[in-house]
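Inspection log for the structure reproduced underneath, given as structure tokens.
The values are calculated or read from the model by the stated rules, or taken from the named source; none is laboratory data. All values derive from a computational prediction rather than experimental measurement. Positions of Cβ are backbone-derived with ideal geometry, glycine not excepted, and every protein chain shown enters the neighbour counts. Quick note on the areas: whole protein, heavy atoms, side chains included, nothing else; ligands and nucleic acids left out. Shrake-Rupley method; radii C 1.70, N 1.55, O 1.52, S 1.80 Å.
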Amino acid sequence: ARQTDEPGYRGTRIGLIPVGGGDPIWVTDGVHLSVEEVRWGPRAATVTFTAPHEGAVPLFNASPSMLEPTSEHRVREGLPSQVHAFDITSEALVWIESSAGAPSRLWCEQDGVERLLLDPNPWIAERIVARPTEDRVKRPDGASIQYWVLPPSKVGADGKAPLMLAIHGG
């Protein structure tokens, strides 16, 4: 559900309603996430979803029995990955995932074993791929704000390069 009293500032959250009706149980309340894709999980009353978090887009699991969603953060080449699409059955989980050096690879997890099904990126070995680095700045109120720096692949003879900012909401 997306509340519309502040549509630009509120994320999408998940509520589960019993089959007999009643008020929703908001399984994503208490965490600062904005839900993207959602699928029913392999267990009853469990949902699996994606949401941007700390430079990644991991898979999360939630149910009324959990205090807050759990995440399945995947790290590839030392950096968080982003899940772009996924599907789930009682037999397997499949997803498309990108990381800094490996865009749009198809993965599968079955019986607790994760394996790469398709890597359409043989061309990337011939390219220079910039690797982002994470850092944080401490605000006067004590909050820690994450930021990422993506260095240029080339710098000028003077050691300088143009700076471009991509600021997103939080």
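When Val75, Val38 are compared by accessible area of protein heavy atoms, the largest-first order is Val75, Val38, using a 1.4 Å probe. Overall, the accessible surface of region 19-120 at a probe of 1.4 angstrom is composed of carbon and sulfur to the extent of 54 percent. The solvent-accessible area of Met66, taken with every protein chain present and a 1.4 Å probe, is close to 60 Å². Between region 34-97 and region 124-160, what is the C-alpha centre distance in whole Å? Taking the Cα centre of region 124-160 as reference, the centre of region 34-97 is 26 Å away. Ordered from highest to lowest accessible area with the whole protein assembly present and a 1.4 Å probe, Leu150, Leu16 read as Leu150, Leu16. Working note: Cα atoms of the chain, range along each principal axis, descending, whole Å: 70, 45, 24. Ordered by solvent-accessible area of protein heavy atoms (1.4 Å probe), largest first, the residues Trp123, Trp107 come out as Trp123, Trp107. Counted by Cβ distance under 15 Å from Gly41, the other residues give a net charge of -3, where Lys and Arg count +1 and Asp and Glu count -1.
A Förster radius of 41 Å combined with the Cβ-Cβ distance from Ser63 to Ile145 puts the calculated FRET efficiency at roughly 0.85.
Across Pro42, Pro103, Pro24, mean-square fluctuation computed from a Gaussian network of the chain (C-alpha pairs under 10 Å connected) peaks at Pro24.
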